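What follows is a set of notes on a single structure, which appears directly below.
The values are calculated or read from the model by the stated rules, or taken from the named source; none is laboratory data. Treat the numbers as computed from the prediction; the structure is a model and nothing was measured.
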Amino acid sequence: MLRMATLEPEIEPMFEDRVIRRLKVQQVKESLNYWSPALIGAGIACIVIFVTLHLVSAPNQIRRANVPGGEARLISTPKLELDHIPVLR
């Protein structure tokens, strides 16, 4: 009697397709979450390499001081000595 009272499940025709699609979407999301830090790091490394190559291949543009005869100049430092001893109260 119980066997006759059981219900057969009604499966929609697109049910399997939706389950498979959700599984594939979930796998793609997990893959992107796993590989995204490596891809971002590789992009940054690529930019750094190109900038470094550009700086190395650029002509030297450092301005040199126009000092005739190669003389050196000493920049005086300020005096840190006191003229009198301060009175603290």
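Some observations on this one:
- Within segment 1-39, the set of residues being of a type in the set (S, T, Y) and assigned to a helix (DSSP H, G or I) comprises S31, Y34, S36.
- Annotation: I62 fulfils all but one of (1) assigned to a loop (DSSP other than H, G, I, E, B); (2) at pLDDT 95 or above; the unmet one is (2).
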